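The values are calculated or read from the model by the stated rules, or taken from the named source; none is laboratory data. The structure presented is a predicted model; accordingly, all values stated were derived computationally and were not measured. FYI the Cβ positions are ideal-geometry reconstructions off the backbone, even for glycines, and counts take in every protein chain you see. The accessibility values were calculated without ligands, DNA or RNA, using every heavy atom of the protein model including side chains. Shrake-Rupley method; radii C 1.70, N 1.55, O 1.52, S 1.80 Å.
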Amino acid sequence: MRGSVVGVTRTPRERWIEQGLQALAAGGPDAVRVEALAKELGVTKGGFYGSFADRDALLEAMLDTWERESTDDVLDRVEREGGDPRTKIERAGVLTFSDDRLLPIDLAVRDWARRDEAVALRLRRVDNRRMALLREMIGTFCPDPDEVEARSLLAFCVAIGEHFLAADHGDRTRAEVLARAADLLLDRPARTRAASSEDRPGRR
């Protein structure tokens, strides 16, 4: 009895999930291997089966965690911290696509979804919730439904696509261009170039 309690305490289910998410972000779903995760955690592989029936169960739990953190948790925080609609849009984007933890996982899930129909369906559900937030917030200052949809799509594409873009921007930094794009999409006056650079430090 005591031995089983010690085992659960030493390797809780959440640690397997977190290690799996880190492996997914670094190398995709093929990198999520029980033996490799056990080695990283410094435990034996046998402990894994006290929390999961098999590797597929772990993958499902990982996706559950990613979905909750990237939608429910983000939306809860956006509402809790308040602000006007434009502020809420930007906060949601920062929490999801500028986070050192969530962003790599999100990009890995997108790549995984290209080869797995079940993952693709889950990704669609997550993206639909994100688009719903964009529509709701942009709709508060843009009365044309077609324009709301277009702005929402463009905002989402910029948030994801800029991480894959290798282009230069002349004498402008990537942060400055992104800030100007946000101003256009959110229908607000352009900020100065200095202020735009300060918004996203370290970006080129």
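Anything in the range 50-79 that is open to solvent by 30 Å² or more (accessible area, probe 1.4 Å), acidic (Asp, Glu) and within 12 Å of the chain's Cα centre (by Cα)? List them, or say none.
Glu69, Asp72, Asp73
Please go through the range 37-95 and pick out each residue that is assigned to a helix (DSSP H, G or I), among the hydroxyl-bearing types (Ser, Thr, Tyr) and in contact with a helix residue (DSSP H, G or I) (Cβ under 8 Å, 6 or more places away or on another chain).
Scanning the range 37-95 gives Thr65, Ser70, Thr71.
Taking Gly93 as meeting all but one of (1) at pLDDT below 95; (2) surrounded by fewer than 18 Cβ atoms within 10 Å (Cβ to Cβ), write down the number of the exception.
(2)
What are the residues in the range 140-180 that are loosely packed, with under 15 Cβ neighbours inside 10 Å, of a type in the set (Gly, Ala, Ser) and either in contact with a Ser or Thr (Cβ under 7 Å, 6 or more places away or on another chain) or closer than 25 Å to Arg110 by Cα (or both), if any?
Passing the criteria: Ala150, Gly161, Ala166, Ala167.
Looking at (1) free of Cβ contacts under 8 Å to residues at least 24 places away in the same chain; (2) open to solvent by 40 Å² or more (accessible area, probe 1.4 Å); (3) within 27 Å of Gly139 (Cβ to Cβ), which one does Gly82 not meet, given that it meets all the others?
The single condition Gly82 does not satisfy is (2).
Might you check whether a residue that is at pLDDT 95 or above, over 30 Å from Glu60 (Cα atoms) and either surrounded by 16 or more Cβ atoms within 10 Å (Cβ to Cβ) or touching a strand residue (DSSP E or B) at 6+ places or on another chain (Cβ under 6 Å) (or both) occurs anywhere in the range 107-115?
no
List the residue pairs whose Cβ atoms are under 8 Å apart, where the first residue sits in the range 40-60 and is within 13 Å of Gly20 (Cβ to Cβ), the second is part of a loop (DSSP other than H, G, I, E, B) and among the aliphatic types (A, V, I, L, M), and the two are 6 or more positions apart or on different chains.
Note: pairs meeting the criteria are Arg55/Val32; Leu58/Val32; Leu59/Val32.
Among the numbered criteria (1) out of contact with any Asp or Glu (no Cβ under 7 Å at 6 or more places or on another chain); (2) outside any helix (DSSP H, G or I); (3) not small (Gly, Ala, Ser), which single criterion is violated by Cys142?
The failed condition is (1).
Exactly one of these conditions fails for Val34: (1) more than 26 Å from Arg130 (Cβ to Cβ); (2) open to solvent by 60 Å² or more (accessible area, probe 1.4 Å). Give me its number.
(2)
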